[in-house]
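J.: Here's a structure for you.
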Amino acid sequence: LDDIINGVKDGSLAEADLDLAVKNIMGIMLKTPTYKHYQYSNKPDLAAHAKVTRQAATDGMVLLKNEKETLPLKGQTVALFGTASYDLLVGGSGSGNVNRKYKVSLNEGLVNNGMKLEATSNELYTTYIKEQKDAMPKENFWAVPVVAEMALNKAQVKQAIAGADVAVITISRMAGEGGDREVKAGDYLLSDVEAANLKLVCAEVHAAGKKAVLVLNMGSMVDLTAYVGMTDAVLHAWMGGQEMGNSLADVLMGKVNPSGKLPFTWAKNYNDYSSSNNFPESDGNPAITRYEEDVMVGYRHFDTQKVQPLFPFGFGLSYTAFEYSDVKVAAADGQITVSVNVKNTGKVAGREVVQLYVAQPKVEGLLQPTKELKAFAKTASIAPGESEVVTMTISNEELAYFNEANKAWTVAPGEYTVFVAASATDVRGKGVFAL
């Protein structure tokens, strides 16, 4: 406070700048529930909250692979593998912790929705998990104990598959504060047990003429390059809160058509990421990390350097198909408006996330990616044969780059190219505008 007062007195801090800062702070405070005397209650509507979390979880799930319409499941008996299938991680630890009334796991969710579970695998895992949990500390805000994956043998898998129509394997990862991901087995890489189980289940399933579905229960990703080809379908379910098992069943059974899209680029190889040369340390020095990648992170790096990912940024499949047409671009009054017609050309209703990328004019001396995401929009549920016009608007200011020489945000003059896309690598239409 003294520094501010002295700054105004000696002229190093303009009073107008101080007034603006105070105005901005007060403007936020005036919008707060406390200022508006919000009447809080310690009796939340938990039933209504459960409905919200169930829908939110299904809306965000990302279907990564679905060969020959493996999903949705159609009344089959399911052989359920993986400790997380019976003990889902519905949230992380620390700030990612989910304070919940209950937890629905995948085995419970499938049964709740009328599916049958193969008995031997169900009994095998429920018994194992109970024994492990009895010897583990109780969950708390900062620590969520995770049951180690159980190693399967061929006889167990063969017996389970014989009594089922399809296999579902779940792989999980806990996440929390105070640590970064590591490129080691059991973290970014599959553990030896996880890899062996996945290979064994997929081999036995296919030998029996059946199909294998992989479910990912985590807030991030694992290296699947060597394994995704073994599976018939892959669904990234994230950490979906207390209703997660029911949410997962909704998507796996087709009660909800998956419509989530990846918020990151999924590399084929960890070293393909632009940060891998320097993170977590540079030159072998744990005290130094150089961020040499600049703006070339994620899809910007993969696009610009033409590196093929395992799954691109913004990718996500559906149980139906969408056709994009009639892209229109208009620039006026300091903003750019882009519209596109999205038609459901499949057999079931579904939602689509349309993405808007923009390529700037070339600026000398500026490191520029091939294109950058500037907007996205999700359609309502579109019935088969029906269409929706999706409109996205961006301001001129959102096209600005920071001009280091002038120490100012600058909008480059010239021609811009607009890409309307289903993912960073799946462009469905283009347009241009000039500033």
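J.: Only residues that are among the polar types (S, T, N, Q), assigned to a helix (DSSP H, G or I) and under 19 Å from Ser172 (Cβ atoms): list them for the range 96-126, please. Break it down into steps so the answer makes sense when it comes.
T.: Restricting attention to the range 96-126, the residues satisfying the condition of being among the polar types (S, T, N, Q) are 97, 99, 105, 107, 112-113, 120-122, 126.
Imposing the further condition that a residue be assigned to a helix (DSSP H, G or I) reduces the set to 107, 112, 120-122, 126.
Answer for the range 96-126, where residues must be among the polar types (S, T, N, Q), assigned to a helix (DSSP H, G or I) and under 19 Å from Ser172 (Cβ atoms): Asn107, Ser121, Asn122, Thr126.
J.: Another question, then. Of all residues in the range 272-308, count the ones that are basic (Lys, Arg) and more than 23 Å from the chain's Cα centre (by Cα). So that I can check it myself, show each step before the final result.
T.: As a first pass, look at the range 272-308 and keep what is basic (Lys, Arg): 290, 300, 306.
If we keep only those that are more than 23 Å from the chain's Cα centre (by Cα) as well, we get 290.
Going through the range 272-308 one residue at a time, the tally reaches 1.
J.: Considering only the range 308-335, state which residues are crowded, with 20+ Cβ neighbours inside 10 Å, outside any loop (DSSP other than H, G, I, E, B) and in contact with a Phe, Trp or Tyr (Cβ under 6 Å, 6 or more places away or on another chain).
T.: Our first condition is that a residue be crowded, with 20+ Cβ neighbours inside 10 Å; within the range 308-335, this holds for 309, 311-319, 322.
Filter once more, so that each one left must be outside any loop (DSSP other than H, G, I, E, B): 311, 317, 322.
Phe311, the sole residue that qualifies.
J.: Just one of (1) under 29 Å from Ile169 (Cα atoms); (2) loosely packed, with under 10 Cβ neighbours inside 10 Å trips up Gly92, so point out which.
T.: Going through the list (1) under 29 Å from Ile169 (Cα atoms); (2) loosely packed, with under 10 Cβ neighbours inside 10 Å, Gly92 breaks only (2).
J.: Next question, about the same structure. Restricting to the range 42-64, name every residue that is open to solvent by 80 Å² or more (accessible area, probe 1.4 Å) and either charged (D, E, K, R) or at positive phi (or both).
T.: Selection gives Lys43, Asp45, Lys51.
J.: What are the pairs with Cβ atoms under 8 angstrom where one residue, in the range 286-308, is without any contact (Cβ under 8 Å) to a residue 60 or more places away in the chain and the other, located anywhere, is outside any loop (DSSP other than H, G, I, E, B) and open to solvent by 90 Å² or more (accessible area, probe 1.4 Å)? Sequence gap at least six, or different chains.
T.: As it stands, the answer is Glu292/Asn277, since those pairs meet every condition given.
J.: So, of the residues in the range 345-384 that are acidic (Asp, Glu) and open to solvent by 20 Å² or more (accessible area, probe 1.4 Å), which turns out to be farthest from Leu262 (Cα to Cα)?
T.: Going through the range 345-384, the residues acidic (Asp, Glu) turn out to be 352, 364, 372.
Still in the list and also open to solvent by 20 Å² or more (accessible area, probe 1.4 Å): 364, 372.
Working: Glu364: 32, Glu372: 15 Å.
So the residue we want is Glu364.
J.: Sort out which residues of the range 146-182 are part of a loop (DSSP other than H, G, I, E, B) and more than 26 Å from Asn97 (Cβ to Cβ), and write them in order of number. Write out each step before concluding.
T.: Of the range 146-182, the ones part of a loop (DSSP other than H, G, I, E, B) are 146-153, 163-165, 173-182.
Across the range 146-182, the qualifying residues are Ala151, Leu152, Asn153, Gly163, Ala164, Asp165.
J.: Let me ask something additional. Examine the range 373-382 for a residue that is among the basic types (Lys, Arg) and at pLDDT 95 or above, and state whether such a residue exists.
T.: Taking the range 373-382 first, the residues among the basic types (Lys, Arg) are 374, 378.
Subset that is at pLDDT 95 or above: 374, 378.
Among the residues of the range 373-382, at least one is among the basic types (Lys, Arg) and at pLDDT 95 or above, which makes the answer yes.
J.: For Gln39, work out the one condition from (1) surrounded by 10 or more Cβ atoms within 10 Å (Cβ to Cβ); (2) over 30 Å from Glu352 (Cβ atoms) it doesn't fulfil.
T.: Tallying (1) surrounded by 10 or more Cβ atoms within 10 Å (Cβ to Cβ); (2) over 30 Å from Glu352 (Cβ atoms), Gln39 fails exactly one: (1).
J.: Same structure again: Given (1) outside any helix (DSSP H, G or I); (2) in contact (Cβ under 8 Å) with a residue 40 or more places away in the chain, where does Ile129 come up short, assuming only one miss?
T.: (1)
J.: Which of the residues spanning the range 228-255 are in a loop (DSSP other than H, G, I, E, B) and open to solvent by 40 Å² or more (accessible area, probe 1.4 Å)? Walk me through it before giving the result.
T.: Taking the range 228-255 first, the residues in a loop (DSSP other than H, G, I, E, B) are 231-232, 237-243, 253-255.
Within the range 228-255, Trp238, Met239, Lys255 qualify.
J.: I've got another one for you. If you go through the range 399-415 one residue at a time, how many are without any contact (Cβ under 8 Å) to a residue 24 or more places away in the chain, open to solvent by 100 Å² or more (accessible area, probe 1.4 Å) and either closer than 13 Å to Gly365 by Cα or in contact with a strand residue (DSSP E or B) (Cβ under 9 Å, 6 or more places away or on another chain) (or both)? Break it down into steps so the answer makes sense when it comes.
T.: If we filter the range 399-415 for residues that are without any contact (Cβ under 8 Å) to a residue 24 or more places away in the chain, which is where we start, we get 400, 402-410.
Within this subset, residues satisfying the condition of being open to solvent by 100 Å² or more (accessible area, probe 1.4 Å) are 404, 406-407, 409.
From the residues that got through so far, the ones that are either closer than 13 Å to Gly365 by Cα or in contact with a strand residue (DSSP E or B) (Cβ under 9 Å, 6 or more places away or on another chain) (or both) too are 404, 409.
Result for the range 399-415: 2.
The values are calculated or read from the model by the stated rules, or taken from the named source; none is laboratory data. Note that this is a predicted model, so its numbers are computed, not measured. All Cβ positions, even for glycine, are placed from backbone atoms using ideal geometry, and neighbour counts span all protein chains on display. Side chains included, ligands, DNA and RNA excluded: accessible areas come from the protein's heavy atoms. Shrake-Rupley method; radii C 1.70, N 1.55, O 1.52, S 1.80 Å.
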